[in-house]
1. Hey, can you tell me all the residues within segment 1-14 that are over 22 Å from D66 (Cβ atoms) and surrounded by 10 or more Cβ atoms within 10 Å (Cβ to Cβ)?
2. Restricting to segment 68-83, what's the tally of residues that are outside any strand (DSSP E or B) and out of contact with any Ser or Thr (no Cβ under 6 Å at 6 or more places or on another chain)?
3. Among the numbered criteria (1) under 16 Å from L101 (Cβ atoms); (2) surrounded by 15 or more Cβ atoms within 10 Å (Cβ to Cβ); (3) not hydroxyl-bearing (S, T, Y), which one does E72 miss?
4. Residues Q97, Q21, Q108: which one is surrounded by 16 or more Cβ atoms within 10 Å (Cβ to Cβ) and among the polar types (S, T, N, Q)?
5. Collect the residues in segment 24-64 that are surrounded by fewer than 14 Cβ atoms within 10 Å (Cβ to Cβ), free of Cβ contacts under 8 Å to residues at least 24 places away in the same chain and within 17 Å of L91 (Cβ to Cβ), keeping them in residue-number order.
6. Within segment 71-95, can you find the residues that are touching a residue at least 12 places away in the same chain (Cβ under 8 Å) and farther than 16 Å from T29 by Cα?
Amino acid sequence: MSDSTPAVYSITLELDGERHQFQCRENQTVLSAADDAGIAVPSSCCAGVCTTCAARIQEGEVHQPDAMGVKEDLRKDGYALLCVCFPRSDLRAAAGQEDALYQAQFGQYQS
């Protein structure tokens, strides 16, 4: 593989009880690759601000410098925003984690 050819990774995404597999280039967001594969992942802002496309990475590594909607400690715990995350390895992730991420970030403020 030459330096000008982006790496391609295998993505396994669990969503609504179904497992989807598709390919994603290292310079492509996981959300964009899912869309190209015909998989309708919930999304809204596509800018890393809201948490509609939240996922939990179970295996693999992502790069998501623009994920403003996820606190750093929760990123380290596996949370990612698919609209702004780029694979750095093959991935296995659970999508549809907006409620879980919201609870993890703000649950302590609920009465």
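1. Residues satisfying the conditions are S10, T12, E14.
2. 11
3. (2)
4. Only one candidate qualifies: Q97.
5. Across segment 24-64, the qualifying residue is only D36.
6. K71, L74, D77, G78
Computed from the coordinates by the stated procedures, all read-outs in this text should not be read as laboratory data. Quick caveat, the model's predicted, so the values are computed rather than measured. Note that each Cβ is placed from the backbone with ideal geometry, even for glycine, and that neighbours are counted across all protein chains shown.
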